[in-house]
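Data first, discussion second: the structure below is written as structure tokens.
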Amino acid sequence: MHSSLIGKIEKAKRYAQEPERVRFSSFEATFRGEHDEYVVSYSNNQWHCTCAFFAGWNVCSHTLALHRLLTPMLPRDAAPSGASASVTTA
Ligand SMILES: [Zn+2]
């Protein structure tokens, strides 16, 4: 393998240990809930989920779970509305 590519792979391994280097500006994901699959998206600081609960509350277990998973890689103010109880503030 080309030596410069080996260096890139080594760097990638280090980077992969530092998720705070990455900041999502938007994404869309399929979330497998207990009863069904939902599409969760995040864009322009706005969360969306296709589940019925989100439609009524603007927050749901799927958006909260993804926020928890991705916290190091999301803007500081990216918490879904109502998520403040589950997020430790600095
Ligand atoms: Zn949901």
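Laboratory data are not the source of any read-out in this text; all were calculated from the coordinates shown. Everything numeric here is computed off the predicted structure, so don't read it as measured data. Neighbour counts run over all protein chains shown; Cβ positions are idealised from the backbone, glycine included.
May I ask you to list the trypsin sites (Lys or Arg not before Pro) in segment 1-57 that are in a DSSP loop and have at most 14 other Cβ atoms within 10 Å of their Cβ?
R23
If the only charges are +1 at each Lys and Arg Cβ and -1 at each Asp and Glu Cβ, what is the size of the charge dipole of segment 23-89 around the Cα centre, to the nearest 20 debye?
Dipole of segment 23-89, to the nearest 20 debye: 260 debye.
Just to confirm a number: summing +1 for Lys and Arg and -1 for Asp and Glu over residues other than C49 whose beta-carbon lies under 12 angstrom from that of C49, what do you get?
After counting each charged neighbour, the total is -3.
Please report the net charge: other residues with Cβ closer than 14 Å to the Cβ of A29, K and R +1, D and E -1.
Here the charged neighbours net out to 0.
At what distance in angstrom do the alpha carbon centres of segment 16-32 and segment 53-74 lie from each other?
With segment 16-32 and segment 53-74 each reduced to a Cα centre, they are spaced 13 Å.
Around Q17, with a cut-off of 15 angstrom between Cβ atoms, what is the net charge of the other residues, counting Lys and Arg +1 and Asp and Glu -1?
+1
Given a Förster distance of 35 angstrom, what is the FRET efficiency for S61 paired with R21, based on the Cβ-Cβ distance and rounded to 0.05?
0.80
Please turn the phi angles of segment 29-39 into ³J(HN,Hα) values with the Karplus equation 6.51 cos²θ - 1.76 cosθ + 1.60 (θ = phi - 60°), one per residue in order, whole Hz, x for glycine and proline.
Using θ = phi - 60°, the values come out as 9, 8, 10, 8, x, 6, 10, 7, 9, 10, 9 Hz.
Any chance you could give the angle, 0 to 90 degrees and rounded to 10, that helix 3-16 forms with the longest Cα principal axis of the chain?
The angle comes out at about 30 degrees.
When the helices in the chain are scored as -39500 (n - 2.57) per DSSP H run of 4 or longer and the sum is shared across all residues, what 222 nm value do you end up with, to the nearest 500 deg cm²/dmol?
-10000 deg cm²/dmol, from helical runs alone.
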